[in-house]
Structure formats: structure tokens, C-alpha cells
Amino acid sequence: MRKKTRWYAAVLGLTTAGAVVLSTGGASGHGYTDLPVGRQKLCANGTVRNCGDIQYEPQSVEGPKGFPAVGPADGQICNGGLSRFAQLSSPATPAGTAWPTTRVTGGQSYTFRWQFTALHATTDFRYYVTRQGWNQNHALARSDLNTTPFLTVPYDGRRPPATLSHSGTLPSGLSGHHVIVAVWTIADTANAFYACSDVTF
């Protein structure tokens, strides 16, 4: 019964946030987050410059699924283990400045949003956040994260629309700069997509 209740809550969250379908001009690549804005989107829209290949392919951060038990190695979480997107895992932008952050409030509801360029059958979406006092001076490792997701949205093998929003409650008790790791797990491949968003609580 508890499992059904949890599933209903996830569906209700999706309905409340209003999944919006937009048309896309062809299916190439995969997906990324833009609420809160992810590092790859910041590179693609020119907010952060000199990011390399990711500025042309914000949707392509694809790595092994099964995080945090398996998946990208520590230090490569934000780039999905893909060396060509290594800039995403650096603790600073290519200019040496801090990654821009989105201001959020712990304990309150937040609407997360994904943009997709290929609509894969989906297991779920999971969201992790760094611990209070995490080490901001190195590339993100599992030891920096609370490895229990603060939000899980089951998707039961369905394909998402081109734009998908869902709501969840942000963890309380956090302050300052943190990183949210969003993981989109694909149902019919061995992979998942990773997106790191910098936030300020």
C-alpha cells in the first residue's frame, strides 16, 4: 500500500506542475535540466564561455546508470564520465570563476524542468544534493553528496514529452552554495543522463 501511495504522490506532483509538450525539430541528442539551470545549459546559452563541446551538445551528458552504486566515477559525475565534457566537473568555470547559482529555499516546493531532444523510455528521475560542509574545492565526489535522493519521480517505462516539469520539496537545513545532481535513468539502455545545477540556499 505504501508503494502505491508513493507512486500516486509522484503522479500528483507531475500533474500539479503541468507537464508541457512542445514540438522539437528532429530527435538528436537526449536531455538536460534548465530549472534549476544546469551547467551544460549555462555553457550552451553563453552565460559561461569556452566550455568546449558541451556548448553545442548540452543534451549529451550520458553515462552508465545505477548511480550512486555505480555510474560515473567520483570527480566525473557532472560530465557523466565523458572526458570531452570534463569542464562540467571542474569546481570553477573555464574562466576560473564560480559557477553561477540559482537561489532556492530549503523546505519549500520547487519545480524542476527537463528539456529533451530524444524521448527515451524512462525508469525514473532522481535528485541528489551536496551535504552541508561539502568540499567545494575539488570535482564532485559521492562523499560530497547525500547519496539518498531527496526526490524520486517514477516514470514506469513511459516516454516523456519534449519538456517535462515536476515538483518536489527541497531539503531543509542547508545554507550557502550546493550542487543538485539530477539523474534521468533510461529504461531500455544501460545508461542515464546527468545534470549538475549550482544553487544557493
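The values are calculated or read from the model by the stated rules, or taken from the named source; none is laboratory data. This one's a predicted model, so the numbers in the text were calculated from it and none came from an experiment. A quick note on method: Cβ atoms are made from the backbone with ideal geometry, for glycine too, and the neighbour counts reach across all protein chains shown.
Taking segment 47-77 as the search range and keeping residues that are β-branched (Val, Ile, Thr) and assigned to a loop (DSSP other than H, G, I, E, B), which one is nearest to ASN135 (Cα to Cα)?
As a first pass, look at segment 47-77 and keep what is β-branched (Val, Ile, Thr): 47-48, 54, 61, 70, 77.
Filter once more, keeping what is assigned to a loop (DSSP other than H, G, I, E, B): 47-48, 61, 70, 77.
Working: THR47: 24, VAL48: 22, VAL61: 23, VAL70: 21, ILE77: 15 Å.
Restricting to residues being β-branched (Val, Ile, Thr) and assigned to a loop (DSSP other than H, G, I, E, B), the top hit is ILE77.
Condition check ((1) of a type in the set (A, V, I, L, M, F, W, C); (2) surrounded by fewer than 18 Cβ atoms within 10 Å (Cβ to Cβ); (3) without any contact (Cβ under 8 Å) to a residue 24 or more places away in the chain) across all residues:
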| site | (1), (2), (3) |
| --- | --- |
| THR102 | no, yes, no |
| SER109 | no, yes, no |
| ARG131 | no, yes, yes |
| SER143 | no, yes, no |
| LEU151 | yes, no, no |
Q) Restricting attention to segment 8-16, does a residue exist that is of a type in the set (S, T, N, Q), modelled with pLDDT under 55 and more than 13 Å from the chain's Cα centre (by Cα)? A) yes
**Q.** Number of the exception - GLY29 against (1) on the phi < 0 side of the Ramachandran plot; (2) modelled with pLDDT under 85; (3) out of contact with any Leu (no Cβ under 8 Å at 6 or more places or on another chain)
**A.** (1)
Q) Somewhere in segment 131-141, is a residue within 17 Å of ASP34 (Cβ to Cβ) and within 14 Å of the chain's Cα centre (by Cα)? A) no
Q) Going through segment 68-91 one residue at a time, which ones are among the aliphatic types (A, V, I, L, M) and exposed (fewer than 13 other Cβ atoms within 10 Å of the Cβ)? A) ALA69, VAL70
**Q.** Test set (1) among the small types (Gly, Ala, Ser); (2) under 22 Å from GLU57 (Cα atoms); (3) within 14 Å of the chain's Cα centre (by Cα) - SER167 fails condition number
**A.** (2)
Q. Got at least one residue in segment 98-114 being under 18 Å from GLN76 (Cα atoms) and basic (Lys, Arg)?
A. no
Q: Give me the pairs, please: first residue somewhere in segment 56-75 and over 20 Å from ARG113 (Cα atoms), second residue anywhere and in a loop (DSSP other than H, G, I, E, B) and among the basic types (Lys, Arg), beta-carbon distance under 9 Å, and either six or more positions apart or on two chains.
A: GLY71/LYS65
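Do the conditions hold for PRO149, that is, is it touching a strand residue (DSSP E or B) at 6+ places or on another chain (Cβ under 6 Å) and part of a strand (DSSP E or B)? Even if it seems obvious, please write down each step before you answer.
Numbers: touching a strand residue (DSSP E or B) at 6+ places or on another chain (Cβ under 6 Å): yes; part of a strand (DSSP E or B): yes.
Yes: the conditions hold for PRO149.
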Q) When you look at PRO100, is it more than 13 Å from CYS43 (Cα to Cα), assigned to a loop (DSSP other than H, G, I, E, B) and of a type outside the set (A, V, I, L, M, F, W, C), yes or no? A) no
